[in-house]
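Report on one structure; see the data block that follows.
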Amino acid sequence: MQYESVKVIHQDEVHGGYRLLWLNAPGIAPHVEPGQFVHIRVPHMEASVLRRPFSVYKADGSVLQILYKGVGKGTRTMTYLRPGDTLSLIGPLGTGFPALSPGNAPVLVAGGYGMAALYLLARSMPVQGIAFFGGQTAPDILCVDEFEALGWEVRIATEDGSLGEQGLVTDVIDAWWTERKDDASPVEVYACGPNAMLHAVARRAMDRDWRTWVSVDRNMGCGVGACLTCVLRVRDESGGWEWKRSCTEGPVFECREICWDLEK
Ligand SMILES: Cc1cc2nc3c(=O)[nH]c(=O)nc-3n(C[C@H](O)[C@H](O)[C@H](O)COP(=O)(O)OP(=O)(O)OC[C@H]3O[C@@H](n4cnc5c(N)ncnc54)[C@H](O)[C@@H]3O)c2cc1C
Ligand code: FES
């Protein structure tokens, strides 16, 4: 983990309110593992000192890319960043996604920025598999060409039916699971998106015996384990539960660890 003062290279509008931010971060970019995140101090926000966490979408050489949406004060301020602006970054942070177990078929499930958070994982996998992307409407679906270019099959669900199948991403997953019912080979699932989606995937994982890694989205104050803003309840060895910090002990957890019934 490093603190680095990094320069904005540029940023582009993508679609669905998302923007792609390119940063020159030679001290951080080469060390990023799939599923890790960076914590950004948004400049020009003197009244708001908390950093904002973002998954690393791409890391190539000294360049980091972040795909983000303007949803609140910090992210909307980020939309004004210009080439040459400087910002303070801490990273890479978090545990990242574990490697695929030998013999397992990889399955990715993403909603919202989860499509960006899973890209480095898709790129580093020893084998390609199937990726399920869900959103409310077509502009919420990101990075499809990038995943297909890596050799992944992408299946899409939108709630309004404007792209892919109409419905939730779990509807498309259920249809695929029915399709492959005679295939007994084990699958390993990696998911990132809204917590309700992660919970729905976790329920299926427990019923169907999938090993499943979920990257949870928590508010984060410090990002380095000191403030406890980001805790969630996980099962402990005695059958009870304990708090874990999603910034340092996560954000990736095997879905059986999480006490879903105690989560909001
Ligand atoms: C690991 C991780 C990876 C992420 N990756 C991405 C990504 O790749 N792309 C993307 O678009 N989004 C991503 N997000 C979500 C992104 O961090 C938020 O959208 C962003 O922080 C919102 O900031 P804001 O100032 O615009 O929103 P606001 O809602 O205005 O402010 C959020 C700020 O308030 C603080 N806050 C809010 N509620 C509380 C509370 N109860 N206690 C303490 N502090 C609080 C937060 O810590 C944060 O500093 C990620 C989140 C996590 C946890
Ligand atoms: S964000 Fe401070 S402990 Fe996790």
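Structure notes:
- Residues located in the range 8-56, provided they are among the β-branched types (Val, Ile, Thr) and more than 14 Å from ligand 1 (Cβ to nearest atom): 8, 9, 28
- Condition check for residue 221: surrounded by fewer than 19 Cβ atoms within 10 Å (Cβ to Cβ) and within 16 Å of ligand 2 (Cβ to nearest atom): yes
Residue-wise test of (1) of a type in the set (A, V, I, L, M); (2) outside the structural domain of residue 125 (by TED's automatic domain parsing); (3) within 16 Å of ligand 2 (Cβ to nearest atom).
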{"site": "189", "(1), (2), (3)": "yes, no, no"}
{"site": "202", "(1), (2), (3)": "yes, no, no"}
{"site": "206", "(1), (2), (3)": "yes, no, no"}
{"site": "215", "(1), (2), (3)": "no, no, yes"}
{"site": "226", "(1), (2), (3)": "yes, no, yes"}
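- All positions within the range 54-108 that are assigned to a loop (DSSP other than H, G, I, E, B) and among the basic types (Lys, Arg): 82
- Residues that are within 11 Å of ligand 1 (Cβ to nearest atom), free of Cβ contacts under 8 Å to residues at least 60 places away in the same chain and under 20 Å from residue 115 (Cα atoms), drawn from the range 211-231: 216, 217, 218, 219
- No other residue among 156, 173 is crowded, with 16+ Cβ neighbours inside 10 Å and either within 16 Å of ligand 2 (Cβ to nearest atom) or not in a strand (DSSP E or B) (or both) apart from 173.
- For the range 121-130, the condition of being assigned to a loop (DSSP other than H, G, I, E, B), modelled with pLDDT of 95 or more, of a type in the set (Gly, Ala, Ser) and within 22 Å of residue 36 (Cα to Cα) holds for at least one residue.
- Subset of the range 231-264 (residues that are more than 17 Å from residue 199 (Cβ to Cβ) and surrounded by fewer than 17 Cβ atoms within 10 Å (Cβ to Cβ)): 231, 236, 237, 238, 239, 240, 242, 243
The values are calculated or read from the model by the stated rules, or taken from the named source; none is laboratory data. As the structure is a prediction and not an experimental result, all values here were calculated from the model. Using ideal geometry, Cβ is built from the backbone for each residue, glycine included, and neighbour counts are taken over all protein chains shown.
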